[in-house]
Amino acid sequence: MSGLNDFRAERREDRRAVRADDRADRREEREQKRLDAEAARQRHQADQRDAEQAKERRRAARAARFGRVTGWITANPARAFVRLVQACSIVPAVVSQVAALDHADVALLLAVLLAAMLEGGAWALVAMGAQAEGERSTHTYRLGAWAAGLVAGGINFAHGWTQYPHHHWVAFVLALSSIGAVWLTDLQTHGGRGPTTAEKKTAKERAEHARRRAEHHPEVREVADRLLSAAPFGALPADEAWRIAWEYVHGVTVPGLTADLLARRLNARARVAELSALPAPADLWPGMPDDPFPALTLPLPSGPSDGVYLDTVPDGPRNASPITTEALEALYRTGSYAPAPAPGTPGGEPSDSPAGNAAATAGERALDPADIARVRVLADDLAARGEELSTKKVRDALGCRNDYAVRLRRHVDAERHNPPATA
């Protein structure tokens, strides 16, 4: 009896184990199905993403192509519309010519070839003219294209006139289908490349400048022409030739500057310096009784342009250009400045002394003995104070011209340093 119970207990245990295994298998099977479904779902999602990306790439490629087309049209509207007119004119022109030749009992294949020859010849010449633009003459190509276009247009016009007797305006439209596109292409290819209004104005002004320069400076023009003819073609610019010629003729490198103009400039500065040495009237300085006759000092003209001209002046006149006493004396010696009329000459002051007559012969004002005595006194006073006699002090004391004060100072200095020998 106990054995039977043990057997039954074992059977129950076995069945429980089998049922547990079955449950585990079912759970594992359900888990595997779930995993398989999840993997299938992920694969489906990945396939959808790939399809969307491919679709986006195709859409982006189409947009890029469309953008290139629209961008080209936006950047080249004239060329785009000319291309449209070409496409819309060639087809009806060829069809009209084929129909015209066919109605003239020409074989269809021959009519097609002849129509293609006329239209193709016109457009071939148009393309050849566009390729030759800027490299060689395009007149031959343009005339050939217009001739071929007119022949094709004449055929279309005759065909339209007979084909549409009640609507003759159609003949003109058919003729324009062969001529209009050639005309537009010719304008686009060869038009608008000439000089602009500003360029024409500049060229006109340049030509006028060259004419006036050659007219005003014939000597320089002759030398410049010789330089240009002697140099290799294109090696020497015209302006550089004129600069060299100007230096050769006038001795300076600044165009427009001559020796006469330089002398006038130096003389003008000398006159300004002379005027600046004159005493001012007393009524110009009210309220100054202690110094009723101060020297009137005028500012001398100067500026950055002086350096440009002084660089072209020889060393002597260049060193004399600052207006000083020494500068005026240098101008007197070189003859660049003419002093005032001398005493005893027409327009000068009379002088009865022998020294005055000698000075008049030399073209200078004679020294007045009274002025010499006053300058001697002034020199003694200055020497007592330990000061030197200067031209400015002589000029201020006597109120005389600068050149006269210079000669007085030199005369008194010569007396003081070389006193006359006593018997």
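The numbers here are math on the coordinates, done by the rules we state, and not lab data. Quantities reported herein were computed from a predicted structural model and do not represent experimental measurements. Cβ sites come from the backbone with ideal geometry, for glycine too, and all protein chains shown count toward neighbours.
Describe numerically, in nm with one decimal, the distance between label points set 7 Å from Cα along Cα→Cβ at Phe7 and at Met128.
Each label point lies 7 Å from its Cα, and together they span 11.8 nm.
Just to verify a number: FRET efficiency for Arg211 and Ala263, C-beta to C-beta distance, R0 = 30 Å, to 0.05?
Details: r = 29 Å, r/R0 = 0.96.
Once rounded, the FRET efficiency stands at 0.55.
Rank the residues Cys88, Cys400 as a footprinting-exposure proxy: fewest other Cβ atoms within 10 Å of their Cβ go first. All intermediate terms of the calculation are to be shown ahead of the outcome.
Values: Cys88 13, Cys400 20.
The most exposed by this proxy come first: Cys88, Cys400.
Once you charge only the Cβ atoms, +1 for Lys and Arg and -1 for Asp and Glu, what is the size of the charge dipole of the range 207-250 about its Cα centre, to the nearest 20 debye?
In total the dipole reaches around 60 debye.
Please list, in order along the range 145-151, the HN-Hα scalar couplings obtained from phi with the Karplus expression 6.51 cos²θ - 1.76 cosθ + 1.60 (θ = phi - 60°), rounded to whole Hz, x for Gly and Pro.
Per-residue couplings from phi come out as 5, 5, 5, 5, x, 5, 5 Hz.
Just rank Phe157, Phe7, fewest to most, by other beta-carbon atoms within 10 angstrom. Don't skip to the answer; put the middle values down first.
Values: Phe157 23, Phe7 10.
Ascending number of Cβ neighbours within 10 Å: Phe7, Phe157.
Residue by residue through the range 267-275, what is 3J(HN,Hα) from phi via Karplus (6.51 cos²θ - 1.76 cosθ + 1.60, θ = phi - 60°)? Round to whole Hz and write x for glycine and proline.
Computed from phi, the couplings for the range 267-275 are 5, 5, 5, 5, 5, 4, 5, 5, 5 Hz.
Quick check: residue separation of Val95 and Ala17 times 0.36 nm, minus the Cα distance between them. What number comes out in nm? Display every interim value, and only then the final one.
Values: separation 78, 0.36 × 78 = 28.08 nm, distance 9.39 nm.
Length difference between fully extended and current span is 18.7 nm.
Please report the projected area of the range 77-190's Cα convex hull averaged over all directions, in nm². Don't skip to the answer; put the middle values down first.
Values: hull surface 28.5 nm².
Projected area, direction-averaged: 7.1 nm².
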